[in-house]
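Engineer: First the structure, then my questions, so here it is.
The values are calculated or read from the model by the stated rules, or taken from the named source; none is laboratory data. The structure presented is a predicted model; accordingly, all values stated were derived computationally and were not measured. Virtual Cβ from ideal backbone geometry, glycine too; neighbours counted across all protein chains shown.
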């Protein structure tokens, strides 16, 4: 291998590392899971706290390894379970029949009032 090949490989590795840190979906400011039921705040938990949350006996949410997802639901279509995992504010998990919304919010948004 020539010196030029090593420089090219090194540049690609540096670019890959930079892309990882720039595009990484986990935001340092998005670290609280907010669960609302019928528009009212049900609970807030840190995204870093691994736990299972029973939501009024109708849904079960799981916070695990920096992600939140819907584990089970009593609704007939189970679409909320198939919505996958959320780790930042770009995605909400919604169960329409049970009126449950799960979102990840930034620390600065925690003080806002939920109607």
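Engineer: Report whether or not residue 21 is over 19 Å from the mean Cα position of the chain (by Cα), at pLDDT below 95 and either loosely packed, with under 14 Cβ neighbours inside 10 Å or at positive phi (or both).
Structural biologist: For residue 21, the condition - over 19 Å from the mean Cα position of the chain (by Cα), at pLDDT below 95 and either loosely packed, with under 14 Cβ neighbours inside 10 Å or at positive phi (or both) - is not met.
Engineer: Give the residue, chosen from 36, 32, that is modelled with pLDDT of 95 or more, assigned to a strand (DSSP E or B) and within 21 Å of residue 94 (Cβ to Cβ).
Structural biologist: The conditions single out 36.
Engineer: Every residue in region 100-114 that is exposed (fewer than 11 other Cβ atoms within 10 Å of the Cβ) and either in contact with a helix residue (DSSP H, G or I) (Cβ under 6 Å, 6 or more places away or on another chain) or at pLDDT 55 or above (or both), please.
Structural biologist: 108
Engineer: How about region 53-83: which of its residues are within 14 Å of the chain's Cα centre (by Cα) and assigned to a strand (DSSP E or B)?
Structural biologist: Answer for region 53-83, where residues must be within 14 Å of the chain's Cα centre (by Cα) and assigned to a strand (DSSP E or B): 61, 62, 63, 64, 67, 68, 69, 70, 71.
Rundown of residues vs (1) under 17 Å from residue 31 (Cα atoms); (2) at pLDDT 95 or above, yes/no style:
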{"position": "52", "(1), (2)": "yes, yes"}
{"position": "59", "(1), (2)": "no, yes"}
{"position": "64", "(1), (2)": "yes, no"}
{"position": "69", "(1), (2)": "yes, yes"}
{"position": "73", "(1), (2)": "no, yes"}
{"position": "83", "(1), (2)": "no, no"}
{"position": "86", "(1), (2)": "yes, no"}
{"position": "92", "(1), (2)": "yes, no"}
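Engineer: Can you tell me which of (1) in a strand (DSSP E or B); (2) in contact (Cβ under 8 Å) with a residue 40 or more places away in the chain is the one residue 90 doesn't meet?
Structural biologist: (1)
Engineer: While we're looking at this one, here's another question. Regarding residue 46, is this residue in contact (Cβ under 8 Å) with a residue 12 or more places away in the chain, surrounded by fewer than 19 Cβ atoms within 10 Å (Cβ to Cβ) and closer than 12 Å to residue 34 by Cα?
Structural biologist: yes
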